[in-house]
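The values are calculated or read from the model by the stated rules, or taken from the named source; none is laboratory data. None of the values given here were measured: they were computed from a predicted structure. All Cβ positions, glycine included, derive from the backbone under ideal geometry; neighbour counts span all protein chains shown. Only protein heavy atoms, including side chains, enter the accessible area calculation; ligands, DNA and RNA are left aside. Shrake-Rupley method; radii C 1.70, N 1.55, O 1.52, S 1.80 Å.
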Amino acid sequence: MTQHTSGDGAMTPVAVIGMSCRFPGAAGPARFWHNLAAGTDSVGPVPADRRPATAPPGADAARGGFVEGADAFDAAFFGVSQREARYTDPQQRLLLELAWECFEDAARPAADLRDSGWGVFVGAAADDFRARYLTGGGLDRFGHAGTARCMLANRVSHHFGLRGPSEVVDTGQSSSLAAVHRAVSSLRLGECEAALVGGVQLNLLQEVTDQIGLWGGLSPDGRCHTFDARANGYVRGEGGGCVLLKPLPAALRDGDHVYAVVRGSAVGNDGGRGGLAVPSEDAQYEAVTRALRVAGARPEDLAYVELHGSGTQVGDPVEARALGAAVGRARPAGNPLPVGSVKTNIGHLESAAGIAGFIKACLVLTHGALPPSLNFETPHPAVDPAGQGLRVVDAYEDRPFGAGELVGVTSVGMGGTNVHVVLGPAPATAEDPVPDPDQDEDTGTVWCLSGRSKEAVRDLADALLRELDRHPAGGPAAGVRAVGATLARRTHWEHRAAVVGADWAHFRDGLAKVAAGHGFAVPADWATAAGPAGAGCVRAAGDYVHAGRIPEVPSPSGGRGRHRPVPGLPTYPFQRERFPLPGPAPATAAAGSAPAAPAPVATPAPGPAPAAGPAPGSAAPAYPRSWAAAGDEGERLWATQVLLERELAAVLGGSVPDLDPEVPLTDLGVDSMTLLEFLDRLIEATGLELSETVVFDHPTISEMAACVNKEMESRHG
């Protein structure tokens, strides 16, 4: 790969072409922006299922920003067994789902990514699940990879087949913005073609919160009062987010949607210029000025800065003075730099704080507006925003950004790692022509919806219907064809539905029908009103529903090539199920705040059997009798296959997702250690002496059943 530079030697800008998030109160970028623009406070009392057992009844002292369903995951979608999912850090599970949503937002089918040189960079610092798992008395061999922090990035790379760098970055609270910097550097060095950048933080241990309280970092009233006179600490938050980065020339060449463009970034450390946990003004100044220098920008080019802004009495004054020296005081008199902090909305997401601020900055540029920073009434005298040439944005402001205007994002980590990233708006060349409604009405188009179940298809239709309701004009400005083209470029599954139409009213009616269970929706007057072109749409829709052939969507009106993806459309509706978070260690059971872990499974003993199956060991007397009682060879082979499937499910703690008896088990994600556990159960159930090579020489259920059946015939005749 080659280093990406522009003609004058400066580094090539990097485009943000996809994003996803799950933040407090917001399961996706569209809802996140809605909450930001509305000034929504998503910090609240600790949910009942996350509260410590020792909390007094009715106590309401603890507050935080929490995501719903931290223990939920669509294991079957990702080919993960029940047992493996149970012992996998929910941060890994969350990142898998966020990665999929990010790729779908960019309209990149998963199959196109396999064996690509794409990289994965994840900012993370919390090991709550691992700590509780290791002390909870329920160890399992899946817990080794399931709780290793490196797997936060490597599991994503493995699942999608990405061959670029795969790294977890831990710089404390600046981890995820440092991961953005690392990804940008990797792209510019030519180490990868594109990069998925994520940040994740789930707060599962009350002891960690108690420790931060002892350190003095937490706000007694459970709010972040950034730059305000009431600043007294921060409130903890949790969540995760992902962005997809690509060199801007490649993004424009490939017709990607561009949210924003990274123009420069910098990272550095305090280097002992203060206390270990005391931030350095000089170091933060250096990070901002270096990022501007890399971007080839002047201080006055910054039109807004998303602060670290944690609301602490020490951190806020340091950040204000550093930013004032780097940017604020260089601005013209009477034109202070607007600043704000997303921590006031969702809490301090710690290792995921940087990605939250980065996504907010991208949305600020996309929507051309500055949302309010909450909890700001009276400036803190030690901060003195006005004296530093800064202005806290305390009300929603429309603010379109010109081509040369920039937005900065700052993140500061405990121990002194400071990061600053400079973003600019998408270039005008990254926009499609305004759609021509008359041309759409002449030809119509097809929307393709699919899922791994009928319920998923209905849920997607319902989500799209709600998305249309968000737009005063009836739908996204890009038009119905662009939406159809975006849906067509996603991964398609075995359950499918199609909606035919030419305007938003058609698609509203059609989506409502699909949400109600229909697989095909065509306007009532389509046959007479749409003419021959409309009949072609109906045929294409039928081909998609019945044969999976994806229809072609005509190029943009007045433009060339294909439509750019429409950003912010609902992504795949995961069918999640709950996997209990690990319980407390036996010696500290009273202090726990989560359900108990499943019964321990010692290696190489099998995992718990599914509810519908027999208890481990009970199959030993049953199978030989049922095999001997079978009427013919076909029935005996069937009995053997049923045994194999049941014992495999017992090892995996549930049925194997998409089990096909003709597909090698290793292709379904079953690893070699699981196969050996499976073999132990077969030996116990059949009484046969089977060598370890059996499960590797006969890789499918069908082949293994034939082998076991033959051994049974040799032994029992």
TODO: Compute the long axis of helix 353-367 from its Cα atoms, compare it with the longest principal axis of the Cα atoms of the chain, and write down the angle in degrees, 0 to 90, nearest 10.
DONE: 70 degrees
Task: Within the chain, percent of DSSP bridges classed antiparallel, to nearest 5 - done: 65 percent
Open item on the list: What does the extension gain come out to for ALA382 and LEU139, with contour length at 0.36 nm per residue minus their alpha carbon separation?
Closed with: 82.4 nm
TODO: Taking the Cα centre of the chain as origin, sum charge times position over the Cβ atoms of Lys and Arg (+1) and Asp and Glu (-1), and report the length of that vector in debye to the nearest 20.
DONE: 1060 debye
TODO: For the chain, find the longest principal axis of its Cα atoms and tell me its angle to the long axis of helix 531-547, 0 to 90°, nearest 10.
DONE: 50 degrees
Open item on the list: Run the count for the chain, please: Lys pairs, Cα-Cα under 30 angstrom, 8 or more apart or on different chains.
Closed with: 4
TODO: Quote the FRET efficiency, to the nearest 0.05, computed for THR666 versus ASN335 with a Förster distance R0 of 41 Å and r equal to the Cβ-Cβ distance.
DONE: 0.05
Task: Shape metrics for segment 127-273, restricted to C-alpha atoms - Rg then Dmax, Å - done: 18.8, 54
TODO: Compute from the Cα atoms of segment 232-370 the Rg and the Dmax, the latter being the longest Cα-Cα distance, and quote both in angstrom.
DONE: 16.0, 49
TODO: Search the structure for amide H atoms under 5 Å from the amide H of THR312, placed 1.01 Å from N in the peptide plane, and list their residues when 5 or more places away or on another chain.
DONE: GLY233
Open item on the list: Over the Cα atoms of segment 488-554, each weighted equally, I'd like the Debye log10 I(q)/I(0) at q = 0.21, 0.27, 0.29 Å⁻¹, rounded to two decimals.
Closed with: -0.90, -1.36, -1.43
Task: On Cα atoms only, tilt of 151-160 relative to the major axis of the chain in degrees - done: 60 degrees
Open item on the list: Skipping prolines and chain starts, which residues have an amide H placed within reach, meaning under 5 Å, of the one on GLY479, given they are 5 or more residues away or on another chain?
Closed with: none
Open item on the list: Apply the Karplus curve 6.51 cos²θ - 1.76 cosθ + 1.60, θ = phi - 60°, to the phi angles in segment 642-653 and return the couplings in whole Hz, x for Gly and Pro.
Closed with: 4, 4, 4, 5, 5, 5, 5, 4, 5, 5, 8, x
Open item on the list: Stokes-Einstein diffusion coefficient for the chain at 10 °C in a medium of 1.306 mPa s, Rh from the Kirkwood formula over Cα pairs: what value in µm²/s?
Closed with: 58 µm²/s
- [ ] Could you pull out every Cys in the chain that lacks a partner Cys with its beta carbon under 4.7 Å away?
- [x] CYS21, CYS150, CYS192, CYS224, CYS362, CYS448, CYS537, CYS707
Task: Share of carbon and sulfur in the accessible heavy-atom surface of the chain [1.4 Å probe, %] - done: 54 percent
- [ ] May I ask you to give the solvent-accessible area per residue for the chain, in square angstrom, as obtained with a 1.4 angstrom probe?
- [x] 39 Å²
Open item on the list: Placing unit charges on C-beta atoms (Lys and Arg positive, Asp and Glu negative, everything else neutral), compute the dipole magnitude of segment 210-267 about its Cα centre in debye, rounded to 20.
Closed with: 200 debye
TODO: Pop the C-beta distance of ARG230 and ALA27 into the FRET formula with R0 = 30 Å and round what comes out to the nearest 0.05.
DONE: 0.50
Open item on the list: Among 259-266, 126-133, how do they line up by average Cβ neighbours within 10 Å per residue, starting with the highest?
Closed with: 259-266, 126-133
- [ ] Give me the distance between the Cα centres of segment 526-544 and segment 662-717, rounded to whole Å.
- [x] 52 Å
- [ ] Work from the charge dipole of the chain (Cβ charges, +1 for Lys and Arg, -1 for Asp and Glu, about the Cα centre) and give the residue of ALA535, SER310, GLY501 farthest towards its positive end.
- [x] SER310
